[in-house]
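What follows is one structure encoded as structure tokens, with my remarks underneath.
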Amino acid sequence: MDKSKRLFLKSKRSFRRLLPPIQSRDRIDYRNMSLVNRFISEQGKILSRRVNRLTLKQQRLITITIKQARILSSLPFLNNEKQFERSESTTRTTALRTRNK
């Protein structure tokens, strides 16, 4: 294949480099809840490295920080909002049943 044909095979997409999620001035610490909350899913799970766009070292530090925050009760182990909604609805229905009798 000659050079003229090879030029057309390259993709013409421009890659916009995304800013890293953790800046050099950001301190990875269990007290920095605004930083820690960015790396947790709605269910309370730690997001993967690919999703976070972190380096291996940063992901390890974030994981340790999240676990420390959970142990110190700054962060819940699980997000149980749905369970609370169910328990409230079941108490309402049982209250209605007893009132009707």
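Structure notes:
- In the stretch 33-81, the residue that is least open to solvent (accessible area, probe 1.4 Å) out of those that are among the charged types (D, E, K, R) and part of a helix (DSSP H, G or I) is R70.
- In the stretch 16-29, the residues that are open to solvent by less than 70 Å² (accessible area, probe 1.4 Å) and within 19 Å of A69 (Cα to Cα): I22, D26, I28, D29
The values are calculated or read from the model by the stated rules, or taken from the named source; none is laboratory data. What you see is a predicted model, and the numbers here were worked out from it, not measured in a lab. Just so you know, the surface numbers come from the protein's heavy atoms only, side chains and all, with ligands and any DNA or RNA stripped out. Shrake-Rupley method; radii C 1.70, N 1.55, O 1.52, S 1.80 Å.
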